[in-house]
Every structure is written in structure tokens, then in C-alpha cells.
Amino acid sequence: MRILTVLLATLLLGACGGDELDTGDAASGATAISSSSGHVTLGVNSYLWHATLDTLSFMPLQSADPFGGVIITDWYSSPSAPSDRMRVTIYILDRRLRADGIKITVFRQTKSDQGWVDAQVNPDTANKLEDAILTRARELRLASGGTSGT
């Protein structure tokens, strides 16, 4: 009888642990999202996501998908250069806060007699945006009490 009680208690306790979050992912900044079926799905790194939105807050957003980790801005023209505009697409590739967890593509157009024409993008533009986003993500992580390890 004692063995049956221990076995039953073990089965009950084992069934309780099935819905726990992986604390390694949560501690690294992964966003926890509850689905309608009650399962927990981990999305993209929340520090990178929020840092990207903060960094690009001056540009209008066309699309933002927190499940797929894609942010697409609409065309933006600076008031000081109205005949020049840019658009940015950012892919958040990892649930961890890593330098290679983000990919940025910048598009640029200039206005001509034929309308907007694709133009060469300075290669440093994407690198500067990436640096700004990663710096902001580290700031957010430190402000939330996270460690700076990963």
C-alpha cells in the first residue's frame, strides 16, 4: 500500500511541472506569449525587440511582427533632406541577446524627374543602426536587473 501511495504521489508531482517556462530563455530576454491553447510560446528577444522600436521611433512603421521578429518601417524623409528617403527592415534572429541576433537591411531612394529612384546606401548606415540597437538593448537589460553575460 505504501508503494502505491508513493507511486501515485510521484505521478501527480510529475504532471505539475509540464507548463513551466525554461528559465534560461526567460532570463535571456525571451518574450513569453500565452496561446489560446494554454501552451507557452517563446517569441523573439524582448530587449532587442524594444530596443529596435525605440531606436527607430522617429520613422513610421509599416509592419511589426513580434512572433516572426520582423520590423519594417515605411519610407522616411528627413525634414533637412526631403528629396532623399530611406526604409529599414530588421530581422531579429535569436531569442538571446547576441550581436549576431539581428540583421538590418536599409533601402534608400532619391527624388528625380522620373519620381523616386533607388540609390546607393552608405554601408555604415546599417552598422550604425545595429550598434545603436544593441547599445539600447544592453541598457534595457541592465535597467531590468538582467546580467550582462549573454
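Overview of results
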| quantity | calculated |
| --- | --- |
| Any hit, segment 55-66, residues being part of a strand (DSSP E or B), surrounded by 14 or more Cβ atoms within 10 Å (Cβ to Cβ) and β-branched (Val, Ile, Thr) | no |
| Matching residues in segment 65-91 - criterion: being touching a helix residue (DSSP H, G or I) at 6+ places or on another chain (Cβ under 8 Å) and at pLDDT below 95 | 66, 69 |
| Unmet requirement for residue 101, which otherwise passes all of (1) over 20 Å from residue 134 (Cα atoms); (2) modelled with pLDDT under 95; (3) surrounded by 17 or more Cβ atoms within 10 Å (Cβ to Cβ) | (1) |
| Conditions (1) touching a residue at least 12 places away in the same chain (Cβ under 8 Å); (2) under 28 Å from residue 144 (Cβ atoms); number of the one not met by residue 83 | (2) |
| Within segment 92-121, tally of residues that are under 24 Å from residue 43 (Cβ atoms) and outside any strand (DSSP E or B) | 9 |
| Residue that is outside any strand (DSSP E or B) and either more than 17 Å from residue 45 (Cα to Cα) or hydroxyl-bearing (Ser, Thr, Tyr) (or both), where the choices are 137, 132, 81 | 81 |
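The values are calculated or read from the model by the stated rules, or taken from the named source; none is laboratory data. As the structure is a computational prediction, the values presented were derived from the model and not from experiment. Cβ atoms come from the backbone with ideal geometry, glycine included; neighbour counts cover every protein chain shown.
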